[in-house]
Amino acid sequence: MVRVGLQISATLENVDRLETSHPDYPFFVKLVCSNCGEQSDKWHDITEAERVQQDTRNAAGFNFFMKCKMCSRENSIDIVEKTNAAYTADDAGSFKTIVIFDCRGVEPVDFSPRSGWKVSSAENGQTFEDVDLSEDDWVEYDQKNNNSVGIYEFASKFIKLKK
């Protein structure tokens, strides 16, 4: 069992908070099998609010379950409860862990942010729902504060964490 943190970094323009629509946000990831090294070529979505029941040894199920197509090993991932964190103006320009995955036999290696983000403007401005970060940049206009808001240079990486 390995704990892997998803870290993001971005330049924020007039933005106080960037966060996922937790617990319904689907994290789209590419995975690698820890047993044989096979890397998936398609995106898999992992959502904390969803459970799949595939293994009789775990009655609660998992957030994600797959069988490796190369070695047939059964692998699973759970999102660790209460690890979702917002990326704030104070974090801008540096990497911050926004969620932790509990990985058994498979690990995420790539992340696609897509839509479902929530952006809160600075100075109690507008809140934007279902923001799409698939282009790694996002720009909008805050009517309340009469200024532009934006997220630029979005980047992500995975890090292995100590328990």
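Beta carbons closer than 8 Å, at least 6 apart along the sequence or on distinct chains, pair a first residue in segment 86-97 that is over 19 Å from Ile159 (Cα atoms) with a second that is of a type in the set (Gly, Ala, Ser) and surrounded by 14 or more Cβ atoms within 10 Å (Cβ to Cβ) for Ala89/Ala122. Which numbered condition in (1) surrounded by 16 or more Cβ atoms within 10 Å (Cβ to Cβ); (2) of a type in the set (Gly, Ala, Ser); (3) without any contact (Cβ under 8 Å) to a residue 60 or more places away in the chain is the only one that Gly61 fails? The one condition Gly61 does not meet is (1). In summary, Pro23 fulfils each of the numbered conditions (1) more than 17 Å from the chain's Cα centre (by Cα); (2) surrounded by fewer than 16 Cβ atoms within 10 Å (Cβ to Cβ); (3) not β-branched (Val, Ile, Thr) with the single exception of condition (1). Pairs are defined by a Cβ separation below 7 Å, a sequence spacing of at least 6 or placement on different chains, a first member in segment 1-23 that is free of Cβ contacts under 8 Å to residues at least 60 places away in the same chain and on the phi < 0 side of the Ramachandran plot, and a second member that is in a strand (DSSP E or B) and among the basic types (Lys, Arg); no pair meets this definition. All of (1) in a loop (DSSP other than H, G, I, E, B); (2) within 20 Å of Val32 (Cα to Cα) hold for Ile159 with one exception: (1). So for segment 70-91 (the condition being touching an Asp or Glu at 6+ places or on another chain (Cβ under 9 Å), on the phi > 0 side of the Ramachandran plot and either surrounded by fewer than 18 Cβ atoms within 10 Å (Cβ to Cβ) or not polar (S, T, N, Q) (or both)), does at least one residue qualify? Checking segment 70-91: not a single residue is touching an Asp or Glu at 6+ places or on another chain (Cβ under 9 Å), on the phi > 0 side of the Ramachandran plot and either surrounded by fewer than 18 Cβ atoms within 10 Å (Cβ to Cβ) or not polar (S, T, N, Q) (or both). Screening Asp110 against (1) at pLDDT 95 or above; (2) more than 23 Å from Ser40 (Cα to Cα) leaves a single unmet condition, (2).
Checked against the criterion of being surrounded by fewer than 16 Cβ atoms within 10 Å (Cβ to Cβ), acidic (Asp, Glu) and in a loop (DSSP other than H, G, I, E, B), the candidates Asp41, Asp45 yield just one match: Asp41. What are the residues in segment 103-150 that are acidic (Asp, Glu), buried (at least 18 other Cβ atoms within 10 Å of the Cβ) and within 14 Å of the chain's Cα centre (by Cα), if any? Glu107, the sole residue that qualifies.
Within segment 1-20, track down each residue that is among the β-branched types (Val, Ile, Thr) and surrounded by fewer than 19 Cβ atoms within 10 Å (Cβ to Cβ).
Once the filter is applied, which keeps residues that are among the β-branched types (Val, Ile, Thr) and surrounded by fewer than 19 Cβ atoms within 10 Å (Cβ to Cβ), segment 1-20 yields Val2, Thr11.
The residues listed here are Leu12, Leu18; of these, the one that is in contact with a helix residue (DSSP H, G or I) (Cβ under 7 Å, 6 or more places away or on another chain) and under 30 Å from Asn147 (Cβ atoms) is Leu12.
Test Ser121 against the stated conditions and say whether it is under 26 Å from Ile46 (Cα atoms) and of a type outside the set (Val, Ile, Thr). Spelling it out, it is not the case that Ser121 is under 26 Å from Ile46 (Cα atoms) and of a type outside the set (Val, Ile, Thr).
The values are calculated or read from the model by the stated rules, or taken from the named source; none is laboratory data. All figures in this text were calculated on a predicted structure; none of them were measured in a lab. Glycine also receives a Cβ, built like all others from the backbone with ideal geometry; neighbour counts cover every protein chain displayed.
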